[in-house]
Amino acid sequence: MTGDARAARDAARRAAADLELRRRMREVEQAILARAPENDVEPSIEQIAAVMELLGDPQRSYPVVHLTGTNGKTSTTRMVATLLQELGLRTGRFTSPHLHDIRERIALDGAPITRQGFVAAYQDVIPFVEMVDARFAERGVPPMNYFQMLVALAYAAFADAPVEAAVVEVGLGGTWDATNVADGAVAVITPIGLDHQRLLGDTIDLIATEKAGIVKPGAIMISATQEPVAAEILLARCREVDARPVWEGVDIGVLARASAVGGQVVSLRGLAGDYEDLFLPVHGPHQAHNALLALAAAEAFVGGGEQRLDRDVVEQAFARFSTPGRLEVVRRSPTVIVDAAHNPAGAATLRAALEEEFAFAQLVGVIAILADKDAEGILQELEPVLSEVVVTRTTSPRAMAPARLGALAAEIFGEHRVTVASDLPDAVNIAAGLADAAAQSGGASGGVLATGSVTTAAEVRMLLTSAEPG
């Protein structure tokens with residue numbers, strides 16, 4: 001056989017193997033999706049704990065930074081992981097939900113787990129999941145849901161890598177969240193507000209009590225500025241388990257920040273020193289505060305907060321940080337921004353960032369919101385910065401009907417500022433046309449903001465970019 005023939009044969013074998021792997025990946029993903037959705041959750045971690053025990057408790061084979069809160073969790077998680085990776089640690093990262101590919105949720109050294117790694121983790125875990133499902137079925141307990149399965153896969157994959165640090169974002173709440181079978185050496189609490197009230201409670205104190213459950217004995221808790229009732233609950237939890245509390249505005253803080261081309265420049269006071277004039281390639285004052293929490297978490301993780309990190313390492317980590325779907329510009333002319341804000345607190349944060357960092361004379365919103373969310377609260381927060389809105393729906397089965405969302409929007413914006421579109425691609429085209437028309441008639445800059453849910457950000461991002469996982 002000639003060299004060319006051998007090369008062709010090998011290429012054909014690789015292509016066939018890749019096709020088979022993709023087929024197997026689709027099968028595995030469909031099997032996971034067939035389980036109850038992640039918002040269909042039992043207030044218990046018994047099942048996931050039982051699976052972990054059968055697997056040998058892989059989540060105890062590496063130290064963990066655990067993050068909860070209402071908004072800013074994913075960005076902060078990604079920042080912590082980037083810092084630890086820049087410090088030379090093999091790092092696993094678990095976030096949710098994903099934008100485009102389920103593998104984004106489980107990352108190793110910043111890259112989504114490979115298809116081969118995902119399938120292998122599933123094959124390792126599924127026999128034990130089925131055993132536990134059968135055992136609990138005798139008690140009338142439904143099988144583990146979609147999110148619990150992904151947590152089991154992540155913890156197993158991190159142990160198999162193996163990682164030297166896992167940075168883990170909760171899915172929902174804290175105490176009963178599946179990720180809470182791990183004990184974080186560092187617990188990070190981003191700002192606590194109202195969200196998922198059906199599952200977590202409809203007051204800040206109830207939600208804070210649930211989220212405080214990730215603070216474990218002897219841990220260091222890094223907390224954003226909180227409402228007084230939430231701060232009191234977090235402090236009580238720290239006293240209960242002898243954890244060390246670290247508070248933004250007391251122990252750590254944002255010293256200065258200024259907008260810059262492509263992001264902002266921030267100066268931060270961490271646990272072990274000041275870090276001045278760091279470029280952060282993301283927009284919004286909230287991201288400066290996320291960066292502060294991430295910096296303090298990294299300091300706490302590697303040196304108990306007693307050792308200052310090398311400034312060059314911090315600078316390099318922040319300079320390469322990215323957080324897809326969070327105040328992300330995905331197109332120019334007109335400028336189209338996507339953001340995953342899905343509750344009133346997130347919408348308020350988004351509005352503040354838009355007012356400070358973007359000078360649109362005319363900004364048209366593309367709004368699609370899930371039916372179980374506070375659509376009225378989201379719309380009210382965004383009304384001051386949007387000239388017009390095009391309301392629509394995503395492909396999510398949980399999406400609010402455009403007609404219903406349009407009626408809500410008309411009450412807040414006035415009917416003359418609201419257009420209803422039956423699907424998202426049409427809505428984006430209509431909004432872009434409105435932004436272009438405004439710019440041409442008045443000579444002012446026009447833009448489009450697509451927001452209302454993670455799904456909205458993901459689907460518009462996919463429409464307008466060649467988006468890749470992670």
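The values are calculated or read from the model by the stated rules, or taken from the named source; none is laboratory data. Being a predicted model, the structure only gives us computed values, none of them experimental. Neighbour counts are summed over all protein chains in view; Cβ atoms, including those assigned to glycine, are modelled from backbone coordinates with ideal geometry. The area values use the complete protein model at the heavy-atom level, side chains included, leaving out ligands, DNA and RNA. Shrake-Rupley method; radii C 1.70, N 1.55, O 1.52, S 1.80 Å.
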Index of the failed condition, M462 passing every other in (1) part of a loop (DSSP other than H, G, I, E, B); (2) modelled with pLDDT of 90 or more; (3) open to solvent by 60 Å² or more (accessible area, probe 1.4 Å)
(1)
Total residues in segment 91-109, condition modelled with pLDDT of 95 or more, open to solvent by 30 Å² or more (accessible area, probe 1.4 Å) and not charged (D, E, K, R):
1
Restricting attention to segment 265-283, which residues are in contact with a Gly (Cβ under 9 Å, 6 or more places away or on another chain) and touching a residue at least 24 places away in the same chain (Cβ under 8 Å)?
L268, G270, L271, A272, F279, L280, P281, V282, H283
Kindly list the number of the only condition in (1) open to solvent by 10 Å² or more (accessible area, probe 1.4 Å); (2) at pLDDT 90 or above that fails for L200.
(2)
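Give the residue, chosen from L21, L67, that is among the hydrophobic types (A, V, I, L, M, F, W, C), out of contact with any Leu (no Cβ under 8 Å at 6 or more places or on another chain) and either closer than 30 Å to D374 by Cβ or assigned to a loop (DSSP other than H, G, I, E, B) (or both).
Values: L21 fails: either closer than 30 Å to D374 by Cβ or assigned to a loop (DSSP other than H, G, I, E, B) (or both).
When all the criteria are applied, what remains is L67.
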Could you please tell me which pairs satisfy a Cβ distance under 8 Å, a separation of 6+ or placement on different chains, a first residue in segment 405-422 that is without any contact (Cβ under 8 Å) to a residue 60 or more places away in the chain and under 12 Å from S387 (Cβ atoms), and a second residue that is surrounded by 14 or more Cβ atoms within 10 Å (Cβ to Cβ) and hydroxyl-bearing (S, T, Y)?
R417/S387
Could you tell me which numbered condition I252 fails, if it satisfies all but one of (1) surrounded by fewer than 16 Cβ atoms within 10 Å (Cβ to Cβ); (2) within 24 Å of V186 (Cβ to Cβ); (3) in contact (Cβ under 8 Å) with a residue 12 or more places away in the chain?
(1)
What tally of residues in segment 332-351 results from selecting those that are surrounded by fewer than 21 Cβ atoms within 10 Å (Cβ to Cβ) and at pLDDT below 90?
2
Which members of segment 203-249 meet the condition of being open to solvent by less than 30 Å² (accessible area, probe 1.4 Å), in a loop (DSSP other than H, G, I, E, B) and touching an Asp or Glu at 6+ places or on another chain (Cβ under 8 Å)?
K216, A219, A224
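Return the residues of segment 375-388 that are more than 24 Å from S445 (Cα to Cα) and out of contact with any His (no Cβ under 9 Å at 6 or more places or on another chain); say none if nothing qualifies. Even if it seems obvious, please write down each step before you answer.
Taking segment 375-388 first, the residues more than 24 Å from S445 (Cα to Cα) are 375-378.
Within segment 375-388, A375, E376, G377 meet the criteria.
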